[in-house]
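The values are calculated or read from the model by the stated rules, or taken from the named source; none is laboratory data. The shown structure was predicted, so the numbers you read here are calculated from the model rather than taken from an experiment. Heads up, the Cβs are rebuilt from the backbone with ideal geometry, glycines too, and the neighbour counts pull from every protein chain shown.
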């Protein structure tokens, strides 16, 4: 009898240990993505000489949201500690190639990290804290047409967006305050400074009010991807958001200084995002840009958009944008065509109108 009791106790103990081990090592990997495409009309395009290349009408990849797919994973290490990773690639649904990234297979994000009560630490290719704050302050949710994303990429290409070799730390939320810091060593033999970048942001959210500020500083270095991702640049942004029920108003000031280019852009922006119905979202924004080194070069961009959600994953949308360039300014309206059209990233002097109609699906 004692032997049987001992065996039963041992079996129960072994089962408990196996259960504890299984619970301790719970993990998951999730495949996710966005597929977005539509039709784009532009009243003007910019030719190789910088002049008007004529009207355009055709297919556009990523008209509103970036087409992408990725893998994200999480493992519960116990005691509130988690290991996590993300691999994310931009795709071009027009031809099956790469797009919306820095040109590599997982050119949007490729990082591994840990998070816990202390905050989150990550290492690898990731968004800079500066870009995250610009995103949070954009009234059109960084649409591919007529949003803060267009002047950002027109100015920096992908510098300060996709930050390679980056180490980041994000604090927990303490009394409404949260901050992030990033350091990315240049990795160039013989020079600790070449290609080095760092960034930081701070946000404060209290009831319906949100305040944001961020900074980026990078020294030019060899690109880690086909697209320039380590241009010499200093960026600053400050802004606020406020919620009025289902309407969120946003306003910000951004400064871009690009080393050796004569570019010192001041960008004022404002707009709103309105959930008019459970299935209907409306938003609008305005961006006014002046080059402080050439005050005759100015740009005014305005855009409105409407999205109707057919389901939780599928939505149809229409967007209309207008840009007016003066002097040497050449901001465009849309970045999502992936090389399938004459460049819509830049526009000639004068007024250009763009209309985008499409559909997106998330999974």
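Listed values, structure above:
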quantity	calculated
Some residue of region 203-211 being within 26 Å of residue 289 (Cα to Cα) and surrounded by fewer than 19 Cβ atoms within 10 Å (Cβ to Cβ)	yes
Matching residues, region 328-354, being surrounded by fewer than 18 Cβ atoms within 10 Å (Cβ to Cβ) and modelled with pLDDT of 95 or more	350, 351, 353
Selection count, region 45-65, where residues are closer than 26 Å to residue 161 by Cβ and touching a strand residue (DSSP E or B) at 6+ places or on another chain (Cβ under 6 Å)	9
Restricting region 92-108 to residues that are without any contact (Cβ under 8 Å) to a residue 40 or more places away in the chain and either over 30 Å from residue 77 (Cα atoms) or within 14 Å of the chain's Cα centre (by Cα) (or both), the residue that is surrounded by the most Cβ atoms within 10 Å (Cβ to Cβ)	98
Matching residues, region 180-199, being touching a residue at least 40 places away in the same chain (Cβ under 8 Å) and crowded, with 19+ Cβ neighbours inside 10 Å	180, 182, 186, 197, 199
Unmet requirement for residue 70, which otherwise passes all of (1) surrounded by fewer than 19 Cβ atoms within 10 Å (Cβ to Cβ); (2) outside any strand (DSSP E or B); (3) under 18 Å from the mean Cα position of the chain (by Cα)	(2)
Residue 317 vs. criteria within 23 Å of the chain's Cα centre (by Cα), in a strand (DSSP E or B), surrounded by fewer than 17 Cβ atoms within 10 Å (Cβ to Cβ) and at negative phi	no
Selection count, region 275-297, where residues are surrounded by fewer than 19 Cβ atoms within 10 Å (Cβ to Cβ) and in a strand (DSSP E or B)	11
Condition broken by residue 133, with the remaining ones in (1) crowded, with 21+ Cβ neighbours inside 10 Å; (2) in a strand (DSSP E or B); (3) at pLDDT 95 or above satisfied	(2)
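Conditions tested, residue by residue: (1) under 26 Å from residue 242 (Cβ atoms); (2) touching a strand residue (DSSP E or B) at 6+ places or on another chain (Cβ under 8 Å).
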| residue | (1), (2) |
| --- | --- |
| 107 | no, yes |
| 122 | no, yes |
| 127 | yes, yes |
| 130 | yes, yes |
| 140 | yes, yes |
| 157 | no, no |
| 172 | yes, yes |
| 176 | yes, yes |
| 183 | no, yes |
